[in-house]
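Read through the structure below, which is laid out as structure tokens, and then see the notes.
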Amino acid sequence: MSSVAKNLENYYEGIIGECISLHDRFPMAVLGYVYLLPKNPIKSGLKEDIDLDRAESLFKKITGRDDWHSPNDRYEHFAFLKVDFSTNPPTIMATSPELSIETFFDRLVSTYNSRNVFNQL
């Protein structure tokens with residue numbers, strides 16, 4: 001994981017493109033995405049400022065698709081892991097509640113169940 005800061009926008013556009021493609025093909029699908037970024041570059045000797053707050057702000061914009069009629073450029077749920085690999089074991093840093101990994105899977109299942117009344121998990 002190097003050159004994260006300069007490639008964040010490219011990764012972001014790719015994430016949105018995947019979402020649009022999947023929702024176009026499967027409009028009722030409940031999609032989730034888990035994304036991990038390091039607090040600092042992992043590659044030794046590399047100096048780079050990774051703007052985790054900016055990344056979090058971008059990811060908030062593409063989560064929370066309420067129902068299958070909503071625009072297809074957002075995921076139903078998105079989890080963002082900000083990780084400090086300089087600690088042993090690595091530390092997951094706090095993120096906003098709507099991007100939390102702790103509730104991510106429960107939110108996915110809940111959304112799936114609300115959309116699929118006759119085939120719940």
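The values are calculated or read from the model by the stated rules, or taken from the named source; none is laboratory data. Keep in mind the model is a prediction, meaning the values are calculated, not measured. For neighbour counting, all protein chains shown are included, and Cβ atoms are generated from backbone atoms with ideal geometry for every residue, glycine included. To get the accessible areas, we keep the full protein, side chains included, count just its heavy atoms, and leave off ligands, DNA and RNA. Shrake-Rupley method; radii C 1.70, N 1.55, O 1.52, S 1.80 Å.
Some notes on this structure:
- Karplus-derived 3J(HN,Hα), 6.51/-1.76/1.60, for each residue of the stretch 83-94, Hz, glycine and proline x: 10, 9, 7, 7, 9, 10, x, x, 9, 8, 7, 5
- Cut-off under 5 Å, modelled amide H: who pairs with ILE101 long-range: PHE80
- In this structure, the amide hydrogen of MET93, modeled 1.01 Å from its nitrogen in the peptide plane, lies closer than 5 angstrom to those of LYS82, VAL83, ASP84, counting only residues at least 5 positions away or on a different chain.
- Helix content alone sets the calculated 222 nm mean residue ellipticity of the chain: runs of n ≥ 4 DSSP H residues at -39500 (n - 2.57) each, divided across all residues, give -11500 deg cm²/dmol.
- Computed across the stretch 47-87, the Kirkwood hydrodynamic radius from all distinct Cα-Cα pairs reaches 12.0 Å.
- Couplings 3J(HN,Hα) of the stretch 53-61, computed from phi: 5, 5, 4, 4, 4, 5, 5, 4, 6 Hz, in residue order, whole Hz [Karplus 6.51 cos²θ - 1.76 cosθ + 1.60, θ = phi - 60°; x for Gly and Pro].
- With the cut-off at under 15 Å, measuring from each backbone N in the stretch 28-68 to a point 7 Å along the Cα-to-Cβ line of ILE92 picks out 33-39.
- Heavy-atom accessible area order for LYS6, LYS61, LYS47, largest first, 1.4 Å probe: LYS47, LYS6, LYS61
- Close amide H partners of VAL34, meaning residues 5 or more places away or on another chain with modelled amide H under 5 Å apart, are ALA79.
- According to the Cα-based calculation, Rg over Rh for the stretch 67-121 is 1.12, with Rh computed by the Kirkwood formula.
- J(HN,Hα) series, the stretch 108-121, from Karplus relation 6.51 cos²θ - 1.76 cosθ + 1.60, nearest Hz, glycine and proline x: 4, 5, 4, 5, 4, 4, 6, 8, 10, 4, 9, 9, 7, 8
- Comparing GLY17, ILE50, PHE80 along the charge dipole axis of the stretch 11-81, the residue lying farthest to the positive side is ILE50, per the Cβ-charge model.
- In this rough spin-label picture, where each label sits 7 Å from Cα along the Cβ direction, the GLU102-ASN10 distance is 3.5 nm.
- Computed with a 1.4 Å probe over protein heavy atoms only, the accessible surface of the chain comes to 61 Å² per residue.
- Kirkwood Rh and Cα Rg combined as Rg over Rh, evaluated for the stretch 1-117: 1.02
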